[in-house]
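Visitor: This is the structure, below, for whatever I ask next.
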Amino acid sequence: MSLGPMTNSEKRLELQKILEQVESKSRLEALAVVTWSGIRIASSSSTSIDADEYSAASAAIVSLGDMTVKRMNEGRLIQV
């Protein structure tokens with residue numbers, strides 16, 4: 001039970017626990033929460049992946065999708 005607002009560090013630990021639970025109950029081998037710019041907030045992986053490399057790749061894919069949507073005059077990217 002928290003007695004006050006959570007710190008960023010506590011939020012990241014809580015998020016990591018959630019990702020680990022999802023991973024353990026699914027067939028997913030790695031999960032991450034990544035900012036639009038590719039900064040990894042939290043991750044969970046049962047494999048030996050380079051989390052920073054995958055975070056950067058994910059950001060690149062989202063950025064490409066966002067640019068494509070804008071060039072097609074379709075507004076903003078909502079979901080990937």
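The values are calculated or read from the model by the stated rules, or taken from the named source; none is laboratory data. Since the model is a prediction, treat every value here as computed from it, not as a measurement. Glycine gets a Cβ as well: all are built from the backbone with ideal geometry, and neighbour counts include every protein chain shown. Surface areas here come from the heavy atoms of the whole protein model, side chains and all, with no ligands, DNA or RNA. Shrake-Rupley method; radii C 1.70, N 1.55, O 1.52, S 1.80 Å.
Visitor: Have a look at Ala42, Ala51, Ala59 and point out the one that is modelled with pLDDT of 85 or more, touching a Lys or Arg at 6+ places or on another chain (Cβ under 9 Å) and surrounded by 14 or more Cβ atoms within 10 Å (Cβ to Cβ). Please lay out each step first, then the result.
Guide: Working: Ala51 fails: modelled with pLDDT of 85 or more; Ala59 fails: touching a Lys or Arg at 6+ places or on another chain (Cβ under 9 Å).
The conditions single out Ala42.
Visitor: Conditions: (1) of a type in the set (A, V, I, L, M); (2) loosely packed, with under 10 Cβ neighbours inside 10 Å; (3) modelled with pLDDT of 85 or more. Leu3 meets all but one. Number of the miss?
Guide: (3)
Visitor: Taking only the range 1-52 into account, find how many residues are farther than 23 Å from Ser63 by Cβ, aliphatic (A, V, I, L, M) and in a helix (DSSP H, G or I).
Guide: Count: 3.
Visitor: Filter the range 21-32 down to the residues that are among the aliphatic types (A, V, I, L, M) and open to solvent by less than 50 Å² (accessible area, probe 1.4 Å) and list them by number.
Guide: Within the range 21-32, Ala30, Leu31 meet the criteria.
Visitor: Could you tell me whether any residue of the range 32-50 is among the charged types (D, E, K, R) and more than 21 Å from Ile18 (Cβ to Cβ)? Step through it out loud before you land on a result.
Guide: So the first thing to find is which residues in the range 32-50 are among the charged types (D, E, K, R), and the list is 40, 50.
Retained after the next criterion (residues that are more than 21 Å from Ile18 (Cβ to Cβ)): 50.
The answer is yes; a qualifying residue exists.
Visitor: A further question follows. Of all the residues that make up the range 62-80, how many are open to solvent by less than 50 Å² (accessible area, probe 1.4 Å) and assigned to a loop (DSSP other than H, G, I, E, B)? I'd like the intermediate steps shown before the answer.
Guide: Residues of the range 62-80 that are open to solvent by less than 50 Å² (accessible area, probe 1.4 Å), as a first pass: 62, 65-66, 69, 75, 77.
Of the ones still in play, those that are also assigned to a loop (DSSP other than H, G, I, E, B) are 75, 77.
Within the range 62-80, residues that are open to solvent by less than 50 Å² (accessible area, probe 1.4 Å) and assigned to a loop (DSSP other than H, G, I, E, B) number 2.
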